[in-house]
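One structure is given below, encoded as structure tokens.
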Amino acid sequence: MTLRFLVVATLSLATAPAALHADDTDLVARGAYLARIMDCAGCHMPRAPDGMPLVEKGLAGGTVGFELPGLGTFWPPNLTPDKTGLGDWSEAEIATAITTGVLPDGRVLAPVMPWASYAALNADDLAALVAWLRAQPPVANPVPEPVAAGAPAPAPFYRVTMPAP
Ligand code: HEC
């Protein structure tokens, strides 16, 4: 599925944006490659009830959140350039969130978002990844805000349970 996603993304790049310069196209293609191997879609792509990723929705936000005991439950946000996604973010804000976990309002992302690993990205790869995110079609898909530990969850989430003794 992720492969199909890449093929779709690459095809749409090949046919669509006449406005992009050759250099930009290279940058965006590098970003597509990085997004694939860094598995952004594994968390940020919506899924059907049977668990299959909805490739046509791109990175419009994960359907299933992650409960982190004691910390809260977190749904992977919409990363497309829509208002319900990263539409109002600057490129610098996106780059900072990916590599430091710090959001524009100062909150630090829960560690289920692997920003501590992505902190090792070099500047060129980070620019390519952000350029690819910016080049995606906007998809309107509001994703629930995080909820505090123990608060009712508005959407499905993954929970770790211990086996019975
Ligand atoms: C293992 C799951 C997982 C993977 C893989 C992942 N993310 Fe995330 N990401 C999350 C979760 C969950 C959040 C929300 C965490 C929170 O609210 O504290 C998040 C938040 C973000 C945010 C902040 C968005 C906002 O509106 O607050 C950005 C930007 C982001 N991720 C980009 C990426 C990119 C780019 C990739 C791939 C390179 C990626 N993520 C891979 C789970 C993941």
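Relative to the longest principal axis of the chain, what angle (0 to 90°, nearest 10) does the C-alpha long axis of helix 2-15 take? The answer is roughly 30 degrees. Diagonalising the gyration tensor over the Cα atoms of the range 34-115 and scaling each eigenvalue by 5 before taking the square root yields semi-axes of 20, 17, 12 Å, largest first. Applying 0.36 nm per residue to the separation of Ala119 and Glu56 and subtracting their alpha-carbon distance, the gain on full extension is 19.8 nm. Across 5 Å bins from the origin, how do the percents of Cα pairs in the range 42-165 run, short distances first? Bins of 5 Å from zero give 2, 11, 18, 23, 22, 14, 7, 2, 1, 1, 0 percent of pairs. Give me the log10 of I(q) over I(0) for the range 94-138 at q = 0.19, 0.22, 0.23, 0.30 Å⁻¹, as the Debye formula computes it from C-alpha points; what are the numbers? Those come out to -0.60, -0.76, -0.82, -1.06, one per q. In this simple spin-label model, placing a label point 7 Å from the Cα along the Cα-to-Cβ direction at both Ala153 and Asp26 gives a separation of 4.5 nm.
Here each label is just a point 7 Å from Cα along the line to Cβ, and for Val64 and Val160 those points are 1.6 nm apart. Given their separation in residues at 0.36 nm each and the Cα-Cα distance between them, Glu93 and Ile37 gain 17.9 nm when the chain is fully extended.
A short reminder: the numbers here are calculations on the coordinates, not readings from a lab. Here the structure is a predicted model, which is why all the values come from computation and not from measurement. Every residue, glycine among them, receives a Cβ derived from its backbone with ideal geometry; neighbour counts consider all protein chains shown.
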